[in-house]
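J.: I'd like to ask some things about the structure below.
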Amino acid sequence: MSPKQAAKSQKAQFQKTEIRLSGSGGQGLILAGLILAEAAAIYEGKNAVQTQSYGPEARGGASKSEVIISNTEILYPKTTRLDYLLALNQESCDKYAHDLKEDGLLLADSDAVEHVPPIKVISLPLVRTARDKVGRIMTTNIVSLGALVGLSQVISVASLEKAVLSRVPKGTEELNLSALKYGLELAEEGKKYLEE
Amino acid sequence: MTQPLVLNYLRAKKQFPHVWCPGCGHGVVMGSLIRAIDKLALSKDDVVMVSGIGCSSRMTAYVDFNTLHTLHGRPIAYATGLKLARPELPVIVITGDGDATAIGGNHFIHAARRNIDLTIILMNNNIYGMTGGQVSPTTPYGGRGSTAKSGNPEHPFDISQLAIAAGASFVARTTAYHVPAMDRLIQQAFENKGFSLVEIFSQCPTYEGKWNKRGDAATMLKYYKDNAIPVTSKSKYSEEELKDKFLIGILHHTPKAEFTAEYQKIIEKYQIKEQMTQLSQQKGKNEPEASSKESESPVSED
Amino acid sequence: MPEKTVLMQGNEACSEGAIAAGCRFFAGYPITPSTEIAESMSEKLPRVGGKFIQMEDEIASISAIIGASVGGLKSMTATSGPGFSLMQEGIGYACMAEIPIVIANVMRGGPSTGLPTKTAQGDVMQARWGTHGDHFLIVLAPESVKETFYLTIKSFNLSEKYRVPVILLLDEAIGHMREKVVIPDYGDILTEDRLVPIVPPQWYKPYEITTDFVTPMAPFGSGYRYNITGLTHDEMGFPTNKESEIISKMNKLRDKIMRSTTDIVDYESLYTDDANTLVITFGSASRSAKEAVQYLRNHRRKVGFFRPITVWPFPEKQLRQIIKKVDQVYVVEMNQGQLIDEVRKVECYHKKIFGINRYDGEMITPNQIIAKIREAK
């Protein structure tokens, strides 16, 4: 790589998007991260790196899965300053909100996260939607992904849909597509809320 | 007179003289093993012999088979890999009491548990001979060795009972005195498909005999003769009479599913699944819009 | 199988590469952070008619793969620090008996149980010198998931070609991260198989000193009856105490590797033409180092980059050519300073050589590297 190319790639790196999905262990956030990364890398042709927390903390209250999406090669694979943070519980919000960029967006569950910091926040009833509207609390991760992609536009909905279908257990495709749809609807509400 | 049978199975020239001391029982075991292999008409090209470290394990250098002289304690683990890789080859493990039940104890019990088709010839002389007479896991309580000069404060393993408890499907015991029985038992061990142990009491006059004042090799062999009770006539003796004796013969024979054969079934299961997937994918190509993702295993949430 | 683009973990890429390379035997014992390799091999192997076994410990695992390799199958195991320590005696056996095997060591923090779920590069010297006695082996260290796939294939190829254990040095960061990999059609992958003897069995010398010091290897059960031992042995494979035979065996083990370094050694270098500062690193740390070097280049610092891909044999000659042109050298590694000594051996102490290290279980960051290099004006 010539220095000139390097300069170019350096510039492009500043355009990379860093996302962290956090909540309690068992909320399906690892799978959500995997789906998001796969949507970007396989169906959108971008570069993506997904990492996650292992060990005791992965089972605790602030489990996390991270995705970096970029048009160029991703070198350092961990997030540094987040563009988006999904927080499904208070502990995750408290622990990770300070990792957001100044103009970064916090997407919080409106029931589980009562206290939000004074930053750009959208609170949406993610868990409640999964439980009451989709009918399965297990789909919280897919509802959240729908909301996050709807808000961030970091990848296309079509790519996300393909990735969801390829990764969810057989027989749950319809359920998860409906979860995705509800998530996207929540994003629309959220956008209005942000404009207000 | 025709030449002795064993010569057909020994490596000539450089490998002799062997390392075994005068009066050692291990050569007798080697002869017996060769006769059993000859009787079963196994091809020398097929027979694999794996050994560890110790006096008995030196046998691999002398016999004309595929021979693998491994690390101390590990012959059963090496043999497990070899047998699973090449289930069609008969695999013999040559080992001793220290090699198989001290440093290699874990491999011994786990191979028995798996019931993998290995024939284990374990020469038990109750001592470490190669390193000069230290006590082993089968040295009796109070027995002497260079590391327990005033008597062994520990209690010994009963190797055959250990193998039975761990799940071996064939366990026999004999001694270097009971040669015709040894020939027969080794043959029977080969014939059992599964983990088959032949524990052979084999005298070590150089160390075990000397440390414990057991006399010369002939005296030690006489001890085996006088104290062995065939398991078939066990009922003729009272518990008191059996107290200082030991049982010989087939102590345990309970055939059960053998590991490499069971693994072959797993391969077949997977390959059928694979073929089905390929078929459904081919079908998918003809029908537009059909999913081609079926080959990927589902990922559970978290 | 046609080409496919997939998102996978480094550990999955390792097992995918193993199957592509023709690996047909895996024995292992569960240990974080390498377990995914065993898990995926347990599914992939039976599909291609291969064998998987979960052994009772790591000693048994390395023993079993040596046994399977003697039976003629390309074999591997995967482990991490504590298990790698237990495997050292078996690695020495494979060196001495010249049995091809591949060991993936997914490094975690040490010593002892250390940091099971965190990353480190503290086994780089152990990979080279872990087993006792003089010995020569090959160690490869990938920096990405994609490179893990290709270096796993290369591990098998080198192992088979040189009849030597090859260690694939991954770490938790690469083992667990998911990245995009284009898996080529298996038909397009170059694989190497061990040489088998063509002479009739009565002429076969299993450890013959050949011109390239590599001897064809007959699998057991193929009509070539011979002896394999971990004792120092002669050309026929029988134990020896004769000085001349001992020396020629020891030299064979050295020369088959060290006289083929042009074939074995691989490295990556960037911006070295005009560099006055050189950053040397390997494995996952090189991702951060590369990002730092690119940043510094953009800020008019003449920084070059050098990464051994084969950590052992160390690319001495190649590094010597580059290092002689620079004024200062930084060695970036996620340990307290191990590879830096190898760099010092290449450049005899008169240049400024600094370590940039991190050993708290987290990946070293580009900022940490940039700051350290900027410090020295």
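J.: Restrict the check to the range C:97-115 and report whether at least one residue is more than 30 Å from B:Gln264 (Cα to Cα), more than 11 Å from every other protein chain (Cβ to nearest Cβ), part of a helix (DSSP H, G or I) and not hydrophobic (A, V, I, L, M, F, W, C).
T.: Within the range C:97-115 (the criterion being more than 30 Å from B:Gln264 (Cα to Cα), more than 11 Å from every other protein chain (Cβ to nearest Cβ), part of a helix (DSSP H, G or I) and not hydrophobic (A, V, I, L, M, F, W, C)), the answer is no, since none of the residues qualifies.
J.: From the list C:Leu168, C:Leu137, C:Leu158, exactly one residue is closer than 16 Å to C:Ala78 by Cα, at pLDDT 95 or above and of a type outside the set (Val, Ile, Thr). Which is it? Step through it out loud before you land on a result.
T.: Working: C:Leu137 fails: closer than 16 Å to C:Ala78 by Cα; C:Leu158 fails: closer than 16 Å to C:Ala78 by Cα.
Just one listed residue meets the conditions, C:Leu168.
J.: Take the range B:31-43 and flag every residue that is surrounded by fewer than 16 Cβ atoms within 10 Å (Cβ to Cβ), of a type in the set (A, V, I, L, M, F, W, C) and touching a helix residue (DSSP H, G or I) at 6+ places or on another chain (Cβ under 9 Å).
T.: Within the range B:31-43, just B:Leu40 meets the criteria.
J.: May I pose another question? On the basis of being within 14 Å of chain A (Cβ to nearest Cβ), touching a residue at least 24 places away in the same chain (Cβ under 8 Å), assigned to a loop (DSSP other than H, G, I, E, B) and of a type outside the set (Asp, Glu), does C:Arg297 make the cut? Working first, answer last.
T.: Working: within 14 Å of chain A (Cβ to nearest Cβ): yes; touching a residue at least 24 places away in the same chain (Cβ under 8 Å): yes; assigned to a loop (DSSP other than H, G, I, E, B): no; of a type outside the set (Asp, Glu): yes.
Spelling it out, it is not the case that C:Arg297 is within 14 Å of chain A (Cβ to nearest Cβ), touching a residue at least 24 places away in the same chain (Cβ under 8 Å), assigned to a loop (DSSP other than H, G, I, E, B) and of a type outside the set (Asp, Glu).
J.: Report every pair of residues separated by at least 6 positions or lying on different chains whose Cβ atoms are under 6 Å apart, first residue within the range B:199-213 and among the β-branched types (Val, Ile, Thr), second modelled with pLDDT of 95 or more.
T.: B:Ile200/B:Val29; B:Ile200/B:Met123; B:Ile200/B:Thr174; B:Thr206/B:Cys21
J.: So, of the residues in the range C:334-370 that are acidic (Asp, Glu) and under 16 Å from C:Ile322 (Cα atoms), which turns out to be surrounded by the fewest Cβ atoms within 10 Å (Cβ to Cβ)? First the steps, then the outcome.
T.: To start, the set of residues in the range C:334-370 that are acidic (Asp, Glu) comprises C:341-342, C:347, C:360, C:362.
Still in the list and also under 16 Å from C:Ile322 (Cα atoms): C:342, C:347.
On the way: C:Glu342: 20, C:Glu347: 18.
Filtering the range C:334-370 for residues that are acidic (Asp, Glu) and under 16 Å from C:Ile322 (Cα atoms), the one surrounded by the fewest Cβ atoms within 10 Å (Cβ to Cβ) comes out as C:Glu347.
J.: Please work out which one of (1) within 14 Å of chain C (Cβ to nearest Cβ); (2) at pLDDT 60 or above is the condition B:Ser292 fails and give its number.
T.: Among (1) within 14 Å of chain C (Cβ to nearest Cβ); (2) at pLDDT 60 or above, B:Ser292 violates only (2).
Okay, residues lined up against (1) touching a strand residue (DSSP E or B) at 6+ places or on another chain (Cβ under 8 Å); (2) closer than 12 Å to C:Cys23 by Cβ:
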site	(1), (2)
C:Arg47	no, no
C:Ile53	yes, no
C:Glu56	no, no
C:Ile65	yes, yes
C:Ala68	yes, yes
C:Gly72	no, no
C:Ser75	yes, yes
C:Ala78	yes, yes
C:Ser85	no, no
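J.: Let me ask another. Limited to the range B:248-286, what total is found for residues that are modelled with pLDDT under 90 and closer than 25 Å to B:Ser160 by Cα?
T.: 0
J.: Could you list all residues from the range B:1-30 that are out of contact with any Asp or Glu (no Cβ under 8 Å at 6 or more places or on another chain) and in contact (Cβ under 8 Å) with a residue 40 or more places away in the chain?
T.: Result: B:Gln15, B:Phe16, B:His18, B:Cys21, B:Pro22, B:Cys24, B:Gly25, B:His26, B:Val28, B:Val29.
J.: Among the listed residues B:Pro180, B:Pro140, identify the single one that is within 29 Å of B:His107 (Cα to Cα) and either crowded, with 19+ Cβ neighbours inside 10 Å or more than 18 Å from the chain's Cα centre (by Cα) (or both).
T.: B:Pro140
J.: Can you confirm whether the range C:131-153 contains a residue that is without any contact (Cβ under 8 Å) to a residue 40 or more places away in the chain, outside any strand (DSSP E or B) and farther than 30 Å from A:Ala48 by Cβ?
T.: Looking through the range C:131-153, none of the residues is without any contact (Cβ under 8 Å) to a residue 40 or more places away in the chain, outside any strand (DSSP E or B) and farther than 30 Å from A:Ala48 by Cβ.
J.: Just one of the numbered conditions (1) assigned to a helix (DSSP H, G or I); (2) under 21 Å from C:Ser144 (Cβ atoms) is not true of C:Lys372; which one?
T.: (2) is the only condition that C:Lys372 fails.
J.: Pick out the one residue from A:Glu57, A:Glu66, A:Glu91 that is at pLDDT 95 or above and of a type in the set (Asp, Glu).
T.: A:Glu66
J.: Cβ-Cβ under 6 Å, sequence separation 6+ or interchain: first residue in the range B:253-270 and within 8 Å of chain C (Cβ to nearest Cβ), partner surrounded by 14 or more Cβ atoms within 10 Å (Cβ to Cβ) and not acidic (Asp, Glu). Which pairs?
T.: Close Cβ pairs (under 6 Å, with a partner that is surrounded by 14 or more Cβ atoms within 10 Å (Cβ to Cβ) and not acidic (Asp, Glu)) amount to B:Ile266/C:Pro46; B:Ile267/C:Pro46; B:Tyr270/C:Pro46; B:Tyr270/C:Arg47.
Conditions (1) among the β-branched types (Val, Ile, Thr); (2) surrounded by fewer than 24 Cβ atoms within 10 Å (Cβ to Cβ); (3) more than 16 Å from C:Arg225 (Cβ to Cβ), marked per residue:
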{"residue": "B:His26", "(1), (2), (3)": "no, no, yes"}
{"residue": "B:Val29", "(1), (2), (3)": "yes, no, yes"}
{"residue": "B:Asp45", "(1), (2), (3)": "no, yes, no"}
{"residue": "B:Gly52", "(1), (2), (3)": "no, no, yes"}
{"residue": "B:Arg58", "(1), (2), (3)": "no, yes, yes"}
{"residue": "B:His72", "(1), (2), (3)": "no, yes, yes"}
{"residue": "B:Ala77", "(1), (2), (3)": "no, no, yes"}
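J.: Hey, can you tell me all the residues within the range C:312-331 that are outside any helix (DSSP H, G or I) and in contact with a Gly (Cβ under 8 Å, 6 or more places away or on another chain)?
T.: The answer is C:Val326, C:Tyr330, C:Val331.
J.: Scan the range A:63-71 and give yes if some residue there is more than 22 Å from A:Pro117 (Cβ to Cβ), part of a loop (DSSP other than H, G, I, E, B) and away from every other protein chain (no Cβ under 11 Å), otherwise no.
T.: Scanning the range A:63-71 turns up at least one residue that is more than 22 Å from A:Pro117 (Cβ to Cβ), part of a loop (DSSP other than H, G, I, E, B) and away from every other protein chain (no Cβ under 11 Å).
J.: Restricting the search to the range A:152-163, which residues are within 12 Å of another protein chain (Cβ to nearest Cβ) and closer than 20 Å to A:Thr17 by Cα?
T.: Of everything in the range A:152-163, just one residue is within 12 Å of another protein chain (Cβ to nearest Cβ) and closer than 20 Å to A:Thr17 by Cα, namely A:Ala163.
J.: Just checking: which of the strands (runs of 3 or more DSSP E) contained wholly in the range C:1-92 hold 3 or more residues that are more than 11 Å from every other protein chain (Cβ to nearest Cβ)?
T.: C:75-79
The values are calculated or read from the model by the stated rules, or taken from the named source; none is laboratory data. All of these numbers come straight from a predicted model, not from anything done at the bench. Heads up, the Cβs are rebuilt from the backbone with ideal geometry, glycines too, and the neighbour counts pull from every protein chain shown.
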